[in-house]
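A.B. asks: Quick one: the structure is below, questions incoming.
The values are calculated or read from the model by the stated rules, or taken from the named source; none is laboratory data. Everything numeric in this text was worked out from a predicted model, so none of it was measured. Positions of Cβ are generated from backbone atoms using ideal geometry, with glycine treated the same way; all protein chains shown enter the neighbour counts. Heads up: the accessible areas ignore ligands, DNA and RNA and are worked out on the full protein's heavy atoms, side chains in. Shrake-Rupley method; radii C 1.70, N 1.55, O 1.52, S 1.80 Å.
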Amino acid sequence: MALIGLFLLALVAGSLPVRVLQPDWQQGFVELVISNSGFPIVGFMLVHLALHVEPKRTGLFALRQRLRRWAVIVTFLYLLLIPLQGYITLRQFGDRSALQARQLRTVRDQFVAFAGIIRSAPDPLSLQRQLAAVQGPTLTAADLAKPMPQLRQDLLAALKSAEAAMPARIEQATPLGPLAWNALRDGLRLIGSALLMAVAFAAGAQGSSSSRTLLVRLVSFCRSASLRKFWKSVRRRRYSRK
């Protein structure tokens, strides 16, 4: 019971402050559950072991049966972590795309503003002042010495070239490779751990109306389903031969 209490204490303390809708909180919650899962499964196992040591303890038997019924719910809660982690992973890729789109939109708006200033400025000195006011590109002494039509043409060409190179720079700043590898690593670790913990609890979970554990019932159901599919395929082959 102390081990189960440690798990609940770690879960509650580590989840504060609660921000259910935040992706970072959701990821941290899944990590917290998986990293502390050893506490409840060992506690669950010790209750079974204690009953083998002292089989005449009726109170211990009642405790084990209560925990077995709770283990049914715990099994499905661990299974729910699998789609939650999948959603978090997809959300990470979506956030990356949204961030890149916002950055690209902001840069394009800046370039449009710079281009408007360059086209409307009457002379190089006025252009320099207006660009400095909006934190635009700085003109060199060689730029200021050029005739305004030539300077305007050169700046617009450089602006167009810089705008064309921005998508590649934004992509390089938020590369897909590390994000994909992190998603694969976290997915394998967290989803695999959640599945294993679900199987572990299902091995001891037992409903009030059944004498078999949840894992045995699921295995039997899968076997019967596979046998039904097998016999259906055999019958189809027989009918096709006829």
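A.B. asks: Amide H to amide H, which residues 5 or more places from Ala205 or on other chains are under 5 Å from it, using H placed in the peptide plane?
C.D. replies: Those lying under 5 Å, H to H, from Ala205 are Leu214, Leu215.
A.B. asks: For the stretch 79-85, take each phi angle, set θ = phi - 60°, evaluate the Karplus expression 6.51 cos²θ - 1.76 cosθ + 1.60, and give the result in whole Hz per residue in order, putting x for glycine and proline.
C.D. replies: 5, 5, 5, 5, x, 5, 5
A.B. asks: Taking a probe of 1.4 Å, how large is the accessible area per residue of the chain, in Å²?
C.D. replies: That works out to 66 Å² for each residue.
A.B. asks: How many percent of the accessible area of the stretch 17-159 is carbon or sulfur, using a 1.4 Å probe?
C.D. replies: The value for the stretch 17-159 is 66 percent carbon and sulfur by accessible area.
A.B. asks: While we're here: Residue by residue through the stretch 186-191, which ³J(HN,Hα) values in whole Hz follow from phi under the Karplus form 6.51 cos²θ - 1.76 cosθ + 1.60 (θ = phi - 60°), with glycine and proline marked x?
C.D. replies: Along the stretch 186-191, the couplings run 5, x, 4, 6, 6, 5 Hz.
A.B. asks: Taking a point 7 angstrom from the Cα of Met1 along the C-beta vector, which residues in the stretch 50-82 have backbone N less than 11 Å away?
C.D. replies: 60, 63
A.B. asks: I would also like to ask the following. By the gyration tensor of its Cα atoms, with a ≥ b ≥ c the square roots of the eigenvalues, what is the shape of the stretch 1-155: rounded for a/c under 1.5, prolate for a/b over b/c, or oblate?
C.D. replies: In terms of gyration-tensor shape, prolate.
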